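No lab work stands behind these numbers, since they all come straight from the coordinates. Keep in mind it's a predicted model, so treat the numbers as computed, not measured. Cβ coordinates were reconstructed from backbone atoms using ideal geometry, including for glycine residues, and neighbour counts include every protein chain displayed.
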Amino acid sequence: MVAPPSRPFHWPGGIPPEIKANANDVTIQQANEEAKGWLLFVEEQWVSRANANVSDEDGDYEVRQRRALVESWAKASQEFRDSYHQRAPARNAMDYPSDAVRNAHLYYDTPSFVCLPPLGLSFPSNQSKWIKLYILSCRLDGEMDHCMQSHGARHGSLDPNPATISDPTKVQITDVLPRAFLEMANFAHITMTRQGTVLFMGFLWHWFLVTDDDLNTGHITVVDFKRNGQIDQCLRRRAFNMWPVYLDLFTGNRPLIHVIDDRIGGSQRMNSEYVTLTSSGMLAYMMANFDGSLDMNLPVIDILEGAKARGEFLDRFDGARDGWTEDIEIYAPGYLEMEAAGREAEYDHARLIDPEDAYDIRSALYRAQILSEL
């Protein structure tokens, strides 16, 4: 069996500056046309593991070769790239040789629920707010689970390559796809154009992201990306209002724009702010006409009580202090005790219970309580 690629999945020395995302978005038909010369180049240049006589213990062989080919194509002259484009047959933009996507399924070290600000004990304020935001995104409405189900269970930081992004406090939403796919030159999700630029072709939709502003205000931003890595659509909701958003996106298979138009996850007033895109594609947060905002420095149950008092919960959210305390102890055993001691930033996320197991745990506790009362 071939060994997996080395972690972390960072491009040694950082992604070369010559490798850039395409300036404009493209249709799939345009991507097919733009990529055909690149695909011919890969086809002719690729050396399989068997032909290179590479040991199965070298799990980075394909990654190194993919990175080298991406860099060569980006740095090549336009005349060189045109020579491939002119003789390349029409094909799908992701029609790579099978050996070139070997181990591609092992690439994914970017969480589904991503905190963009840096985490860890070097950033205690962020770490404190992040555990609270995670707890707020669990089902605290009389049910047990996570508001984003398995997507929420895979949570953590973006882990930017320090050679690509030298200041971790400057990570932007548009850094997500390059970190997830371009760092590994992952041919399962990227292709390249006749101009030597990168197009992102997979996992463009429904990213659950937390910006610095979100971390301070208890929000989660759902983002759909364009093929050039820029923001296409985005929706911002309080963490505890994400359940119907998730259902519409993943159970109802509705486009994000329809979820936005229908105000799924509550009104602007219930979420205190709404998000829009500026003409330059940057996020802009606009205050709604509502005097209230979550203070993520408060204890998590005080945050919930304040939101309830301001009417920020969705209909049928029937939680209260006693129930929240019980549920939080199931999701995050020992957290409330550490929070009371002012040590929530030190809470080990490995102690968190898989939300899918939370219902069984609570059921077992109830059964034990009933038996003890007999």
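Which value in deg cm²/dmol, rounded to the nearest 500, describes the helix-derived mean residue ellipticity at 222 nm for the chain, given -39,500 (n - 2.57) per DSSP H run of n ≥ 4 and division by the residue count? Kindly include the intermediate steps, with their values, before the conclusion.
On the way: 13 runs with 127 residues, N = 374.
Only helices count here, giving -10000 deg cm²/dmol.
How big is the equivalent ellipsoid of region 182-274 along its three axes, where each semi-axis is √(5λ) from the Cα gyration tensor, reported in whole Å from largest to smallest? Display every interim value, and only then the final one.
On the way: eigenvalues 164, 43, 24 Å².
The answer is 29, 15, 11 Å, longest axis first.
Can you find, among 48, 144, 239, the residue sitting farthest towards the positive end of the charge dipole of the chain, where Lys and Arg contribute +1 and Asp and Glu -1 at Cβ?
Projecting each Cα onto the dipole axis, the largest value belongs to 48.
As a footprinting exposure proxy, order 20, 129 by other Cβ within 10 Å, with the fewest listed first.
Details: 20 17, 129 26.
Fewest-to-most ranking of 20, 129: 20, 129.
Compute the acute angle (0 to 90°) between the alpha-carbon long axis of helix 321-331 and the principal axis of greatest extent of the alpha-carbon atoms of the chain; round to the nearest 10°.
Orientation of helix 321-331: about 40 degrees from the principal axis.
Classify the chain from the C-alpha gyration tensor, please: rounded if a/c falls under 1.5, else prolate or oblate depending on whether a/b exceeds b/c. Spell out each step's value before the answer.
On the way: a/c = 2.33, a/b = 1.81, b/c = 1.29.
Since a/c reaches 1.5 and a/b is larger than b/c, the shape of the chain is classed as prolate.
In whole Å, what are the extents of region 40-142 along the principal axes defined by its C-alpha atoms, from largest to smallest?
For region 40-142, the Cα extents along the three principal axes come out at 60, 34, 33 Å.
How high is the relative contact order of the chain, in percent, counting Cα pairs under 8 Å that sit 6 or more residues apart? Write down the numbers at each step before the final one.
On the way: 598 pairs, mean separation 71.6, N = 374.
Averaging sequence separation for qualifying contacts and normalising by length gives 19 percent for the chain.
Please state the shape class of region 100-189: rounded when a/c is under 1.5, otherwise prolate if a/b exceeds b/c and oblate if not, all from the C-alpha gyration tensor. Walk me through the numbers on the way to the answer.
On the way: a/c = 3.02, a/b = 1.34, b/c = 2.25.
Oblate shape, in that a/c is at least 1.5 and b/c is the bigger or equal ratio.
Give me 34, 57, 143, 18 ranked fewest to most by other Cβ atoms within 10 Å of their Cβ, as a rough exposure proxy. Display every interim value, and only then the final one.
Numbers: 34 20, 57 9, 143 16, 18 12.
Going from sparsest to densest Cβ surroundings: 57, 18, 143, 34.
For helix 61-75, what angle does its Cα long axis make with the longest principal axis of the chain, in degrees from 0 to 90 and rounded to 10?
Helix 61-75 sits at roughly 70 degrees to that axis.
Counting other beta carbons within 10 Å of each residue's own, what order do 176, 2 fall into, fewest first? Mind showing how you got there, number by number?
On the way: 176 23, 2 16.
Ordered from fewest to most neighbouring Cβ atoms within 10 Å, 176, 2 come out as 2, 176.
Check the straight Cα-Cα distances from residue 75 and name the aspartates and glutamates below 14 Å, setting aside those fewer than 8 residues away within the same chain.
Correct list for residue 75: 18.
With r as the distance between the Cβ atoms of residue 370 and residue 205 and R0 = 41 Å, compute the FRET efficiency 1/(1 + (r/R0)^6) and round to 0.05. Don't skip to the end; give the middle numbers.
Details: r = 45 Å, r/R0 = 1.09.
For residue 205 and residue 370, the calculated efficiency is 0.40.
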